[in-house]
Amino acid sequence: MPGTLHVADVLHLSGYSDWLLEAFGSVWTHTDDGHLLRLDPTSGAVLASFETGWHELPACQGLGHDAAQLWTCRDAGHLTRIDPVNGHGTRVALAKRSDEGRLAWSGGLEWVIESGTTDLVGLDARGSVAARVPLGTVCTDLAYGDEVVFAVCPSAGEVVKVDTVAREVAGTIAVTDPRTAALGQDLFVGSAGSLTQIDPATLAVIHTYTDVGAGLDGAIAATPTEVWVRSSGPHFLTKVDPRAHRVVATLDTDDYPSGGDVLITHNWVWASAYDDGVVVRVARDEAAS
């Protein structure tokens, strides 16, 4: 039987936190009111709050980083590059899809799904377009590694693999209603009610978890030895052992019903609940695989 996870602490943050990221020695969360909060990775304390320039509805979605800066959306027609030390933002003349949540740092470029096309666009450190890969279908989110990006395309029922070194499509795999994904040793794709484990090299399905689903507004985080699935509703957080293909532990609660993101750091698993205004932390080693 799966073990039971427990909430270690609850961070009540202003602005309705959503996307989570670890970079530059800190944890970052993007808020729906247009700020980036820099959090202490040990205590969770807010160390700084930076302006993104976006304070309108619908809220800006998305957060990423490259080797030296953070990336998010600036306004309807621009991205912004943000210095992680002083918070200075530099406008970039490219619009990403409004519903894309994860920007991908891969192959030396920052990759986004362009608004108004179905192209995956690679930007250099100054924000200039350095590569363009037509995906051939409407895609809404990204998972990535050092040299590969996987684009999640729900309307086509597929995931598109892009080689970010060759800067070309390297394959596709059919997945029913894919909504979110994460890359550990394997690729994990979340649909409304299931989780699919895929070999990222061959694109062969390794395993399907019919009892684990990220839903339409959840998220996945993965390492080679563990996968964490965040979903809305009572099944808040699920830990999966990808080698044994089993659910290890769950956190069920009615306290935070909204959707959100999930992030794995050295000692913690962080999970946002954007409409509830909190980020919840669980001790990473509480339920060993």
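Here's the yes/no breakdown for (1) closer than 26 Å to Trp268 by Cβ; (2) surrounded by 22 or more Cβ atoms within 10 Å (Cβ to Cβ); (3) in contact with a Gly (Cβ under 8 Å, 6 or more places away or on another chain):
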position: Thr4; (1), (2), (3): yes, no, no
position: Phe24; (1), (2), (3): yes, no, no
position: Thr52; (1), (2), (3): yes, yes, yes
position: Asp75; (1), (2), (3): no, no, yes
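Here Ser98 meets each of (1) surrounded by fewer than 16 Cβ atoms within 10 Å (Cβ to Cβ); (2) under 30 Å from Val280 (Cα atoms); (3) of a type in the set (Gly, Ala, Ser); (4) at pLDDT 95 or above with one exception, condition (4). Among the numbered conditions (1) touching a residue at least 60 places away in the same chain (Cβ under 8 Å); (2) closer than 27 Å to Leu135 by Cβ; (3) touching a Leu at 6+ places or on another chain (Cβ under 7 Å), the only one that Gly62 does not meet is (1). Applying the criterion of at least 1 residues that are under 17 Å from Leu142 (Cα atoms) to the strands (runs of 3 or more DSSP E) found wholly in the range 208-269 leaves 219-222, 227-230, 262-264. Among residues of the range 7-40 being modelled with pLDDT under 95 and of a type in the set (Ser, Thr, Tyr), the one that is nearest to Arg284 (Cα to Cα) is Ser17. Annotation: of all residues in the range 255-272 being out of contact with any Lys or Arg (no Cβ under 8 Å at 6 or more places or on another chain) and without any contact (Cβ under 8 Å) to a residue 60 or more places away in the chain, the one that is nearest to Ile220 (Cα to Cα) is Ser258.
Thr52 meets all of the listed conditions (1) in contact (Cβ under 8 Å) with a residue 12 or more places away in the chain; (2) under 29 Å from Thr223 (Cα atoms) but one, namely (2).
Answer with yes or no whether Leu142 is out of contact with any Gly (no Cβ under 6 Å at 6 or more places or on another chain), buried (at least 22 other Cβ atoms within 10 Å of the Cβ) and modelled with pLDDT of 95 or more. Considered against the rule, which asks whether it is out of contact with any Gly (no Cβ under 6 Å at 6 or more places or on another chain), buried (at least 22 other Cβ atoms within 10 Å of the Cβ) and modelled with pLDDT of 95 or more, Leu142 comes out as yes.
The values are calculated or read from the model by the stated rules, or taken from the named source; none is laboratory data. Note that the structure is a prediction, hence the values are computed from the model and not measured. Heads up, the Cβs are rebuilt from the backbone with ideal geometry, glycines too, and the neighbour counts pull from every protein chain shown.
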